[in-house]
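J.: There's a structure below that I have some questions on.
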Amino acid sequence: MADFYKKPSLLSVRAQQSSSGDASTTIAPANVTGETLSESEEVEDGAMQDDLYASQGIRIRRRPPTGPPLHYVGPFEFRLQNEGNTPRNILEEIVWNKDVEVSQMKEKRPLAKLKGALDNAPPVRDFIGALRTSHLRTRLPALIAEVKKASPSRGVLREDFNPVEIAQAYEKGGAACLSVLTDEKYFQGSFENLEAIRNAGVKCPLLCKEFIIDAWQIYYARAKGADAVLLIAAVLPDADIKYMTKICEKLGLAALIEVHDEREMDRVLAIDGIQLIGINNRDLGTFQVDISNSKKLLQGDRGQMIKQRDIIVVGESGLFTPEDIEYVQEAGVKAVLVGESIVKQSNPAKGIAGLFGRDISI
């Protein structure tokens with residue numbers, strides 16, 4: 001991890017961001033013609049941003065704090081690691097790296113240059129409709145099967161990884177939708193995998209499983225053929241979630257808003273128009289998994305509100321057996337996002353049948 005803090009490129013990007021006043025989101029078009037929306041409400045780096053995030057219970061810092069003065073060794077400059085600029089958990093480390101990565105990608109391919117790709121992108125498929133149809137057909141939670149080669153906690157899950165073949169096997173096994181990891185550094189995924197699956201004729205709608213911190217990423221995902229994107233409440237303040245869901249609506253994309261605890265769930269339920277909420281059963285601090293988290297977040301008034309609004313809740317993490325599926329279904333989950341327990345199977349289609357206790361293919 002140490003080399004992450006010593007790269008001059010990181011420092012130059014950080015300096016540009018600081019001087020430009022860039023904070024949580026960037027100016028983004030209202031449509032694919034290049035016209036721009038008003039800039040979303042921004043906060044300055046530092047104390048104001050920290051106060052905003054703290055007020056909403058956000059524990060993931062978007063970027064490293066400024067840190068101590070620069071140190072010089074020959075022609076290079078770097079910051080010493082300390083408590084302030086060392087990631088506190090793996091999600092924060094991923095987000096800090098993603099901030100640098102996205103800044104570099106935007107420089108190479110500004111939004112204006114995405115126009116042609118957006119115009120030529122394949123039509124958006126109905127992600128939420130596919131989940132509802134599957135749930136009605138099987139009377140079981142609809143499956144979002146994840147095309148996932150590796151994870152930070154488990155390492156490589158499948159050595160003989162062919163994303164298109166795995167996606168086709170998932171579809172054959174009864175998956176309603178697919179989730180495709182696009183983060184390269186931590187999950188060994190790519191946008192090329194997403195594009196290849198879409199171009200291979202797989203009919204299941206595709207969720208771009210990316211760590212989105214900038215509106216540009218939503219446009220890029222659509223250009224690559226995504227039908228839905230993931231927005232993480234632990235990373236994004238309310239203003240960003242509202243802003244980004246509006247962009248998704250304009251592009252026809254579904255937005256899966258992921259929560260981990262009661263406070264995040266309450267924040268998301270306070271936002272109008274939310275149709276899809278994912279409950280991640282993994283603790284951000286310890287990375288331990290407890291599927292009873294789904295039940296806890298769906299009890300009482302929260303569960304009633306979700307039913308009244310007809311929001312689809314997706315259970316995420318820790319689902320390996322038919323008993324696990326039954327447990328979260330009884331809690332109120334109508335879809336599940338599963339990767340590890342099926343991608344590791346030599347025959348993913350049979351893995352799906354084993355997960356649900358029966359064949360759910362059409």
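Please treat every number below as a calculation from the coordinates, not as lab data. From a predicted model like this one, the values you see are computed outputs, not experimental measurements. Heads up, the Cβs are rebuilt from the backbone with ideal geometry, glycines too, and the neighbour counts pull from every protein chain shown.
J.: Among 329-335, 148-154, what's the highest-first ranking by average C-beta atoms within 10 angstrom per residue?
T.: On the way: 329-335: 20.3, 148-154: 17.0.
Highest to lowest by the protection proxy: 329-335, 148-154.
J.: Can you sort L297, L143, L52, L136 so the residue with the fewest Cβ neighbours within 10 Å comes first?
T.: L136, L52, L297, L143
J.: Give me the number: length gained by fully extending K108 to A200, i.e. 0.36 nm times residue separation minus the C-alpha to C-alpha distance, one decimal in nm.
T.: Contour length minus the Cα-Cα distance gives 30.4 nm.
J.: Further, regarding this structure: Name the shape class, rounded, prolate or oblate, that the alpha-carbon gyration tensor gives for the range 119-356, where a ≥ b ≥ c are the square roots of its eigenvalues, rounded holds for a/c under 1.5, and otherwise prolate holds if a/b is larger than b/c and oblate otherwise.
T.: Rounded, since a/c falls under 1.5.
J.: Quick one: D238, D183, fewest Cβ neighbours within 10 Å first, how do they rank?
T.: Taking fewest neighbouring Cβ atoms as first place, the list is D238, D183.
J.: Quick check: the distance between the Cα centres of the range 91-163 and the range 296-362, to the nearest angstrom?
T.: Between the Cα centres of the range 91-163 and the range 296-362 lies a distance of 19 Å.
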